[in-house]
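The values are calculated or read from the model by the stated rules, or taken from the named source; none is laboratory data. In this text the structure is predicted, and so the values were computed from the model without any measurement. Cβ atoms come from the backbone with ideal geometry, glycine included; neighbour counts cover every protein chain shown. These accessible areas exclude ligands, DNA and RNA; they are computed on the full protein's heavy atoms, side chains included. Shrake-Rupley method; radii C 1.70, N 1.55, O 1.52, S 1.80 Å.
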Amino acid sequence: RLLSLNPQTLEVIPGLAESWSVDNKKTSFVFNLRRGAQFHDDECFAGASREITAHDFKYTFEYLCGSENNAAFETTFKNRVTGANDFHEGTASQVLGVQVIDDYTLRIELDKPDDSFLFVLAQPSTAVKPDEFDDDITDL
């Protein structure tokens, strides 16, 4: 996940994002990913591993917004992230509010301020998923 929760205080703490910033309107979040973080060795990577990038988070978040994954969509991006509802309904080819700036920088744009959004990103359902992984093996 980009973020986690401190189990004692329930404060949002860094996960795979080592830092983040929020604009003054509280609708634009920029996450700076840890360099060198790797997926576990797996057959989907030919038995090896690879580095986690912002592209993996974009894939994961679009997977969460897909029409076949309604439960996770309802509790994460629905009515929050710009373009998430359109993507979920099949009227957009991507979630416009999830933008890869570079391999280690991800921007998420919200439709309106949401004080709970960082907590949303700490939910287990937002755990990063590589696009190489077979959807039949696991589900978020």
What part of the accessible area of the chain, given as a whole %, is carbon or sulfur when the probe is 1.4 angstrom? 48
Per residue accessible area of segment 11-101, 1.4 Å probe, in Å²: 52
Please say if segment 1-118 is rounded, prolate or oblate, where rounded means a/c under 1.5 for a ≥ b ≥ c the square roots of the C-alpha gyration tensor eigenvalues, and otherwise the choice is prolate for a/b larger than b/c and oblate otherwise? oblate
Between Asp103 and Glu11, how high is the FRET efficiency from 1/(1 + (r/R0)^6) when r is the Cβ-Cβ distance and R₀ = 25 Å? Nearest 0.05. 0.35
Order by protection proxy (mean Cβ within 10 Å, highest first), peptides 116-122, 81-87: 81-87, 116-122
